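Down below is the structure, laid out as structure tokens.
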Amino acid sequence: MQPTRKTGLGDSLLLRRTEEPPAEVSDVSSDAPMAGVSPAPVSEPTATKTEPVLPQARPTKKRKEQLVLRDRSTLYLERSVNEQLRLVAQIEGRERSEVATDILRKYLPKYRIEREE
């Protein structure tokens, strides 16, 4: 008989066995026989020792994504334009800011400013 250890955890699930010990089978032959029911054959469980399987270790570090420097700015768009921008970004699987940047680069006029002397 093993001594009872007092861990302070009480009936916690941490202290319960993962494999239940084989239950004692009582004698099925009683005074009142059951009609049409035959007793199931009882087989003794074989004692096999299995090693616990540990989950495979996944890498904890994610690959670094390329840092994209962006200026945070707020643009106030019409609702229809905003909805169209959201829809295009969703369909193409890109961010809204990427779609807007591409559109603005393509259609914004480019100016050169030079000093006069």
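Just so it is clear, none of the values below were taken in a lab; they were calculated from the coordinates. Every value quoted in this text rests on a predicted model; they were computed, and no experiment measured them. When we count neighbours, we look across all protein chains shown, and the Cβ atoms used for this are built from the backbone with ideal geometry, even at glycine.
Some observations on this one:
- Extension gain, residue 78 to residue 64, is 1.5 nm, computed as 0.36 nm per intervening residue step minus the present C-alpha separation.
- Under the combined filter of DSSP loop state and at most 13 neighbouring Cβ atoms within 10 Å, region 61-111 retains these GluC sites (Glu not before Pro): 65, 78, 95.
- Scalar couplings 3J(HN,Hα) for region 106-113, obtained by applying the Karplus form with A = 6.51, B = -1.76, C = 1.60 to θ = phi - 60°, are 6, 10, 6, x, 9, 10, 10, 10 Hz; x denotes Gly and Pro.
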